[in-house]
Structure formats: C-alpha cells, structure tokens
Amino acid sequence: KAGVTQTPRYLIKTRGQQVTLSCSPISGHRSVSWYQQTPGQGLQFLFEYFSETQRNKGNFPGRFSGRQFSNSRSEMNVSTLELGDSALYLCASSTRLAGVSDTQYFGPGTRLTVL
Amino acid sequence: QQQVKQSPQSLIVQKGGISIINCAYENTAFDYFPWYQQFPGKGPALLIAIRPDVSEKKEGRFTISFNKSAKQFSLHIMDSQPGDSATYFCAASGGIKAAGNKLTFGGGTRVLVKP
C-alpha cells in the first residue's frame, strides 16, 4: 500500500499571502489529521477530518482551516501568513475506528517557509 | 499546557548499549500511547504502541514499559545501532470521543548512537 502523500514538499511564501497544502491518505483510511512541527513548539495538533467533517480542532487561530473531500483527500489552508507560520506541516491518516484511538501514519510533510 | 512530558531531551549511547526514554502524562483519559521515530527531513514513523491494559510490549529491539498508576511510560532500545540515531517522540491520545484521535506529543528526545 502506498503511504500518506503530501504536496508540495517545499513552499516559500511571503507575509500576508495564503497557502494551500494537500494530503492524500493511505487507501482505505477515512481520517486525516494535520499537525504543525516547529523547533520551539514541537508537534502540535491542528485539526482532524473524518467523513468530510471536522471532528476536532487544536488551539490555532482561524487563519488555519481545512477541508476533506469525498475521496478522503484533505487540504489545509493558511491565510494571511505570518513569519511564525514557518514550520513543517504534517498530515496523518488512520482508519478512525468508532470510539477507539487508533494508529496514525504520517506523511513526509510540507516544509513552509514564510519570508 | 504540555500534557505529555518527555525526558531526556538528548541522549548519547554507545553502539550495543541501551537507550531509555521516559514520558509522563497528566490526562488519565488517555488510552493509547505510541512512540514515533523521526529522521531529519522525514515525517514521524510509528515504532511501537501500547494500551493501558498491558504493562509491557516488545517488538524486536524496542520495548515499551507502561505504569498506569504512576502515569508514566518509557521506551527501551536494546542493542542500540548507529542507524537508530534519530529523534524519538512519545505521544498519547484518547479521552472523550471527539478528542479520541488527537495525538498529544512529548517534546522529543534526540538520540545519537556512537559507533
């Protein structure tokens, strides 16, 4: 089975711009979660999508948003970019069994640099 | 608020030695405790995971020990190899259904195995 894929792998943007990142989960996985990784804050949960609905959200401003499509692929959008948004954005997929915390498999990430 | 505390931040071990990384959590509703390994430029890869009904789980050279009463769990890497040099993250998830799949990560431990 192919793993989680993320595109693009690298992005350079300037302050004030917006960006969209894409994630394709492992075949058969219906849950997609997004995480931000920075040297200072570590790995932080952004949000989770399951069956095209946001199921859980972390403590990030409204500039961070996402969506999921009927084929389980997900996109994450960051508007009005700030320097502090520079990070590795990771996508993880899982089967999301009902009522059970299950294994999440991570993609390689998208490295976003905001200048 | 950091709910999973990981120590040490870095670790140097000789080839063939044992690497031990410890984590402590606060939320007693957590019911799934995975460990991830991350190499530079890559996404985290699942190493091994445990649920609180088991006190120890071993997979190859990797062992998780879990102490529910102390709210602590640890990773032991036996016969450490230079290829094990990476950053290791403990994580936890569970609780109310809405938060069930949200991973809360420890701060990470950078392990260097000297040949």
Inset, instruction - Kindly check whether there is at least one residue in region A:57-64 that is touching a Phe, Trp or Tyr at 6+ places or on another chain (Cβ under 6 Å), free of Cβ contacts under 8 Å to residues at least 60 places away in the same chain and not hydrophobic (A, V, I, L, M, F, W, C). - result: yes
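Among B:38, B:14, which is touching a residue at least 24 places away in the same chain (Cβ under 8 Å) and closer than 18 Å to residue A:104 by Cα? Walk me through how you get there before you give the answer.
On the way: B:14 fails: closer than 18 Å to residue A:104 by Cα.
Being touching a residue at least 24 places away in the same chain (Cβ under 8 Å) and closer than 18 Å to residue A:104 by Cα holds for just one of B:38, B:14, which is B:38.
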Inset, instruction - Note down all Cβ pairs under 6 Å where the first residue falls in region B:43-60 and is farther than 18 Å from residue B:91 by Cβ, the second is not small (Gly, Ala, Ser), and they're at least six residues apart or on different chains. - result: B:55/B:66
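Residue check: is residue B:7 in contact (Cβ under 8 Å) with a residue 60 or more places away in the chain and open to solvent by 40 Å² or more (accessible area, probe 1.4 Å)? Steps first, answer last, please.
Numbers: in contact (Cβ under 8 Å) with a residue 60 or more places away in the chain: yes; open to solvent by 40 Å² or more (accessible area, probe 1.4 Å): yes.
So residue B:7 fits the description; yes.
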Inset, instruction - Go through B:20, B:12 for me and flag whichever is open to solvent by 10 Å² or more (accessible area, probe 1.4 Å) and more than 11 Å from the chain's Cα centre (by Cα). - result: B:12
Legend entry - Candidates B:69, B:80, filtered to the one that is open to solvent by 30 Å² or more (accessible area, probe 1.4 Å) and among the hydroxyl-bearing types (Ser, Thr, Tyr): B:69
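From A:99, A:28, grab the single residue that is at pLDDT below 95 and away from chain B (no Cβ under 13 Å). Give the steps one after another, and end with the answer.
Working: A:99 fails: away from chain B (no Cβ under 13 Å).
Unique residue meeting the criteria: A:28.
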Legend entry - Those residues of region A:55-98 which are under 12 Å from the mean Cα position of the chain (by Cα), of a type in the set (S, T, N, Q) and within 21 Å of residue B:103 (Cβ to Cβ), in sequence order: A:65, A:68, A:74, A:93
Inset, instruction - Can you confirm whether region B:101-113 contains a residue that is out of contact with any helix residue (DSSP H, G or I) (no Cβ under 8 Å at 6 or more places or on another chain), modelled with pLDDT under 95 and open to solvent by less than 20 Å² (accessible area, probe 1.4 Å)? - result: yes
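I'd like to check something: does region B:13-24 contain any residue that is within 14 Å of chain A (Cβ to nearest Cβ) and not hydrophobic (A, V, I, L, M, F, W, C)?
no
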Inset, instruction - Considering only chain A, give the strands (runs of 3 or more DSSP E) lying wholly within it that have at least 2 residues that are surrounded by 18 or more Cβ atoms within 10 Å (Cβ to Cβ) and not charged (D, E, K, R). - result: A:19-24, A:31-38, A:42-50, A:64-68, A:74-78, A:87-94, A:110-114
Legend entry - Criterion: more than 10 Å from chain B (Cβ to nearest Cβ) and among the aromatic types (Phe, Trp, Tyr) - qualifying residue of A:60, A:45: A:60
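The values are calculated or read from the model by the stated rules, or taken from the named source; none is laboratory data. Computed from a predicted model, the values in this text were never measured in an experiment. Backbone-built Cβ (ideal geometry, glycine too); neighbour counts: all protein chains shown. To get the accessible areas, we keep the full protein, side chains included, count just its heavy atoms, and leave off ligands, DNA and RNA. Shrake-Rupley method; radii C 1.70, N 1.55, O 1.52, S 1.80 Å.
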